[in-house]
1. Sorting check: for 154-165, 108-119, 19-30, which peptide has the highest mean count of neighbouring beta carbons within 10 Å, and how do the rest follow?
2. Once you have all Cα-Cα distances for the stretch 12-114, histogram them in 10 Å bins from zero and send the whole-percent values.
3. Give me the distance in nm between label points sitting 7 Å out from Cα along the Cα-to-Cβ direction at N153 and E165, one decimal.
4. Please report how far the C-alpha centroid of the stretch 51-124 lies from that of the stretch 142-161, rounded to the nearest whole angstrom.
5. State, to one decimal in nm, how far the label point of V16 lies from the label point of A50, with both points 7 Å from Cα in the Cβ direction.
6. Apply 1/(1 + (r/R0)^6) to the Cβ-Cβ distance of A201 and T110, taking R0 = 22 Å, and write down the FRET efficiency to the nearest 0.05.
7. Relative to the Cα centre, what is the charge dipole magnitude of the stretch 39-188, using +1 at the beta carbon of each Lys and Arg, -1 at the beta carbon of each Asp and Glu, and rounding to the nearest 20 debye?
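None of the figures in this text is laboratory data; all of them are computed from the coordinates on show. Remember, it's a predicted structure, so these values are computed and weren't measured experimentally. Backbone-built Cβ (ideal geometry, glycine too); neighbour counts: all protein chains shown.
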Amino acid sequence: MSLDFQQKRAKGQPAVLAERIYQTLKNDIFDFRLMPGDRFTESEIAERMAVSRTPVRQALFWLEREGYVEVFYRSGWQIKPFDFAWFEELYELRIVLECEAIRRLCLLPTATCAARLAELCQQWTAQPLPEPGAITSTLDEQFHMTLVAAAGNGEMARIHAELTEKIRIIRRLDFTREDRVAATYREHAAILQAVLQQQTAEAQRLLTEHIAVSKAEVRKITLHMLQQARHPLTS
């Protein structure tokens, strides 16, 4: 979500209720309680949450702006069907941005680069592995966002942050298994080491492989979860 959009949304204090509805619906989408392709009306959501239709409509328009739902003015709303081709494009853009960030970091004086990445090194090389789940997903997002921000281009960091928000719905699924958490820690540490040693090509290769494997894993897990949610008795 863009900073400009967040600021516009925050100006309306009566939007506090709409914000709560927005977060609830977004979590329902992320956890597949609302399935891709599901249709519903504003009245149905309002009745379920015991609110009026006005904050529901506002929350739905926010979700539409972010690409999670679409409106059919004569027949209500629909959770957007999963578009793996779109997610593939987002992952490709992510690789482009992060590889460029690595190139810029490797061009910095060694001491400057080490200082900018000191917190990441502490987090990913000296800490015990956390349990699988949402916390690890958040830490992974912070790793990649900090890596891009450390390159020093604010606009690049802003675009990367918006991209991170868009892929969160599937990316977080990569941290539901212990082996994927352990692999993420190993790969992040290797990327950091290559950057600190100013090995641009090697760091970019490690990063590209890291993202590609994660992309493949989340696609597989997403397909399984969709199947399980649609046919719980046969999965």
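1. Values: 154-165: 15.7, 108-119: 13.8, 19-30: 17.2.
Ranking the peptides 154-165, 108-119, 19-30 by packing returns 19-30, 154-165, 108-119.
2. 13, 35, 20, 16, 12, 4, 0
3. The answer from the label model is 2.1 nm.
4. Between the Cα centre of the stretch 51-124 and that of the stretch 142-161, the gap is 12 Å.
5. Between V16 and A50, the label points sit 1.8 nm apart.
6. Details: r = 17 Å, r/R0 = 0.79.
That gives a FRET efficiency of 0.80.
7. In debye, rounded to 20, the stretch 39-188 gives about 240.
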